[in-house]
Amino acid sequence: MSNPVLSDDIIKALTSYTANMEVPVTFVLQTGEHAKREELVEFLSAIAAVSDKLLLDERDCDSVLRSPVSFYLEVNGQSTGISFSGIPSGHEFNSLVLAILRSSGTALKLDDGIQAMVAAIQEPLHFEVFVSLSCHNCPDVVQALNQFALLNDNISAEMIDGGLYPELIEQRDIQGVPSVYLNGELFANGKVDTAKMIDKLQTLYPYLNQTTAEALPLQDVVIIGGGPAGISAAVYSARKGLKVTMVAETIGGQVKDTMGIENLISVSSTTGPKLTGDLLNHMNDYEVTLKEHLRVADIATGDVKVITLSSGEIIETKTVIIATGARWRELGVPGEKENIGNGVAYCPHCDGPFFKGKDVAVIGGGNSGIEAALDLAGIVKSVTVFEFLPELKADKILVDQAKLRDNITLHTNVASKEIIATSGKVSAIEYQDRETEQLHQQALDGVFVQIGLIPNSQFVKDVVELTPYGEVVIDEHGQTSEPGIFACGDVTTVPYKQIVISMGEGAKASLSAADYLLKLTA
């Protein structure tokens with residue numbers, strides 16, 4: 001939403017959302033002059049007009065706020081610790097709305113164990129989250145840190161629209177979002193989520209590794225992973241009347257990062273974020289205990305499986321379904337890891353806007369690579385695709401579209417050798433013609449890696465049998481090498497990593513687990 005004037009539909013929705021606010025919330029806006037300030041005032045005034053419990057107050061508080069386009073939320077005369085530098089429109093509009101409602105008393109959406117952990121933090125922590133308003137991953141980080149601020153007076157969180165602070169972006173060499181700073185130092189960047197931030201906080205402050213969350217009763221099934229396979233398994237298990245818990249670092253998994261989905265049968269077209277929301281809404285129709293933003297640290301096998309979470313919480317269960325999916329595969333060449341967030345990226349939708357008018361490369365000629373090239377072509381100056389094999393692997397319809405774009409160049413049968421940086425930013429890529437073995441360098445500003453996925457199975461390498469590629473070995477029923485432990489989706493040996501296949505495999509694993517439980521009681 002780039003226009004600060006709210007549409008009738010948004011006003012209607014806001015009126016409904018704010019009807020049950022428990023206490024008033026004030027937007028405290030820094031005084032001063034800025035080209036965008038009038039737009040911000042109009043934006044906040046329009047929001048405040050929907051409820052008598054929303055107020056706008058302009059003050060000179062530059063010791064707290066960054067600029068005249070910065071504001072914070074205040075309740076009962078006290079700052080909530082939540083501030084926004086910029087106009088939180090676009091994907092961040094939901095972050096503002098949720099911050100308002102949660103500041104006013106709406107329940108937080110964090111696991112009890114995480115809430116207890118965050119509330120225990122004793123040190124002053126100021127988080128700065130640099131975002132792009134077109135980034136669909138950034139709101140998750142902003143919203144999580146805003147909840148941290150509401151849980152603990154020692155914590156504050158500031159959303160910063162990188163587009164309004166180019167000097168600050170240049171000063172900190174930021175080339176990817178979300179980019180999170182803690183007390184002025186880089187804390188996390190690139191593909192970051194709440195689970196990873198919790199891990200980092202536990203590393204910094206070891207005393208947080210003890211949870212005070214109430215233990216769950218013995219579960220019938222614990223599902224590890226919150227993508228299409230995991231949610232399908234959860235729905236099928238809950239419909240059987242089983243006691244079900246899901247442990248997930250993030251709901252949606254890789255699907256959430258997919259902007260265009262046109263091959264989910266019966267759904268002509270959707271997006272990853274929308275499908276993720278639909279999946280979660282469906283699961284919420286049933287009694288499923290959700291442990292989100294947490295990892296499984298250990299699984300002890302036996303008749304009763306004992307699962308230890310990253311929060312320290314222990315869950316006992318009769319069966320386990322592994323549905324942890326996969327993650328982006330890295331190139332593994334010099335200069336890749338060193339330049340993540342400084343020109344090396346894995347999400348074109350999130351980081352593409354930072355390369356407007358620049359030259360970039362996409363590594364990988366499969367569907368994800370060509371789709372990324374097509375998306376980027378509308379933003380950047382030029383896109384060069386590098387494919388290792390002699391022919392592109394993407395669907396013909398995508399390749400044909402790429403060939404029609406004047407600013408997309410396709411290279412096949414080439415090997416990426418090194419990503420070169422100058423003054424801390426990507427400046428070129430070195431690649432080799434596999435036929436002639438001749439090395440070449442191409443000047444560019446960014447490299448988007450799109451070369452497939454790696455199964456998220458490391459945590460069960462000593463629990464169940466894996467292939468040399470890390471896939472969990474399963475039979476036709478989804479059974480692993482360990483009795484009572486099943487697996488489904490992209491983490492397994494099932495061929496063709498597709499959403500529709502993962503959903504079916506999740507249902508199959510759930511039915512197999514239910515049969516296993518029946519035999520236990522027979």
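Name the single residue that is nearest to H282 (Cα to Cα) among those in the stretch 470-520 being among the aromatic types (F, W, Y) and crowded, with 17+ Cβ neighbours inside 10 Å.
Taking the stretch 470-520 as the starting set, the residues that turn out to be among the aromatic types (F, W, Y) are 486, 496, 516.
Applying the additional criterion that residues be crowded, with 17+ Cβ neighbours inside 10 Å yields 486, 516.
Numbers: F486: 22, Y516: 25 Å.
The qualifying residue nearest to H282 (Cα to Cα) is F486.
Looking at the stretch 319-330, which of its residues are farther than 16 Å from G478 by Cβ and open to solvent by 20 Å² or more (accessible area, probe 1.4 Å)? Before the answer, list the steps.
Residues of the stretch 319-330 farther than 16 Å from G478 by Cβ: 326-330.
Correct list: R327, W328, R329, E330.
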I'd like to know if the stretch 370-381 contains one or more residues that are open to solvent by 50 Å² or more (accessible area, probe 1.4 Å), farther than 23 Å from A428 by Cβ, out of contact with any strand residue (DSSP E or B) (no Cβ under 7 Å at 6 or more places or on another chain) and among the β-branched types (V, I, T). no
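Only one residue in K497, K425 is touching a Leu at 6+ places or on another chain (Cβ under 8 Å) and touching a residue at least 12 places away in the same chain (Cβ under 8 Å). Which one? Walk me through how you get there before you give the answer.
On the way: K425 fails: touching a Leu at 6+ places or on another chain (Cβ under 8 Å).
Within the list K497, K425, the selection yields K497.
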Assess whether A402 counts as being within 18 Å of G260 (Cβ to Cβ), at pLDDT 95 or above and open to solvent by less than 60 Å² (accessible area, probe 1.4 Å). yes
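Based on what the data block shows, is V447 crowded, with 21+ Cβ neighbours inside 10 Å and part of a loop (DSSP other than H, G, I, E, B)? Give the steps one after another, and end with the answer.
Values: crowded, with 21+ Cβ neighbours inside 10 Å: yes; part of a loop (DSSP other than H, G, I, E, B): no.
Answer is no for this residue.
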Is the stretch 160-182 home to any residue that is under 24 Å from T250 (Cβ atoms), surrounded by fewer than 20 Cβ atoms within 10 Å (Cβ to Cβ), touching a helix residue (DSSP H, G or I) at 6+ places or on another chain (Cβ under 9 Å) and at pLDDT 90 or above? yes
For the structure I just gave you, tell me whether G357 is buried (at least 24 other Cβ atoms within 10 Å of the Cβ) and either part of a strand (DSSP E or B) or of a type outside the set (S, T, Y) (or both). no
Name every residue in the stretch 235-271 that is under 29 Å from K318 (Cβ atoms), open to solvent by 50 Å² or more (accessible area, probe 1.4 Å) and assigned to a loop (DSSP other than H, G, I, E, B), in order of residue number. K240, G241, K243, E249
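Which ones in the stretch 404-415 are farther than 14 Å from A372 by Cα and outside any loop (DSSP other than H, G, I, E, B)?
To start, the set of residues in the stretch 404-415 that are farther than 14 Å from A372 by Cα comprises 404, 406, 411-415.
L404, H411, V414, A415, listed by residue number.
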Where in the stretch 272-325 are the strands (runs of 3 or more DSSP E), entirely inside, with at least 2 residues that are in contact with an Asp or Glu (Cβ under 7 Å, 6 or more places away or on another chain) and over 23 Å from Q147 (Cα atoms)? 305-309, 314-322
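Residues that are open to solvent by 50 Å² or more (accessible area, probe 1.4 Å), out of contact with any Pro (no Cβ under 9 Å at 6 or more places or on another chain) and not acidic (D, E): list the strands (runs of 3 or more DSSP E) wholly contained in the stretch 20-124 that include at least 2 such residues.
Details: elements: 25-30, 54-59, 70-75, 78-85.
So the answer is 54-59, 78-85.
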Considering the stretch 197-227 alone, what residues qualify as being touching a residue at least 40 places away in the same chain (Cβ under 8 Å), open to solvent by 70 Å² or more (accessible area, probe 1.4 Å) and among the charged types (D, E, K, R)? E214
Among residues belonging to the stretch 405-421 that are without any contact (Cβ under 8 Å) to a residue 40 or more places away in the chain and farther than 20 Å from G378 by Cα, point out the one that is surrounded by the most Cβ atoms within 10 Å (Cβ to Cβ). V414
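Table: residues versus (1) of a type in the set (G, A, S); (2) touching a Pro at 6+ places or on another chain (Cβ under 7 Å); (3) over 27 Å from L164 (Cβ atoms); (4) part of a strand (DSSP E or B).
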position: A373; (1), (2), (3), (4): yes, no, yes, no
position: V380; (1), (2), (3), (4): no, no, no, no
position: L392; (1), (2), (3), (4): no, no, yes, no
position: K417; (1), (2), (3), (4): no, no, yes, yes
position: I420; (1), (2), (3), (4): no, no, yes, yes
position: S427; (1), (2), (3), (4): yes, no, no, yes
position: Q441; (1), (2), (3), (4): no, no, yes, yes
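The values are calculated or read from the model by the stated rules, or taken from the named source; none is laboratory data. What you see is a predicted model, and the numbers here were worked out from it, not measured in a lab. Neighbour counts run over all protein chains shown; Cβ positions are idealised from the backbone, glycine included. Accessible surface is based on the protein model in full, side chains and every heavy atom, while ligands, DNA and RNA are left aside. Shrake-Rupley method; radii C 1.70, N 1.55, O 1.52, S 1.80 Å.
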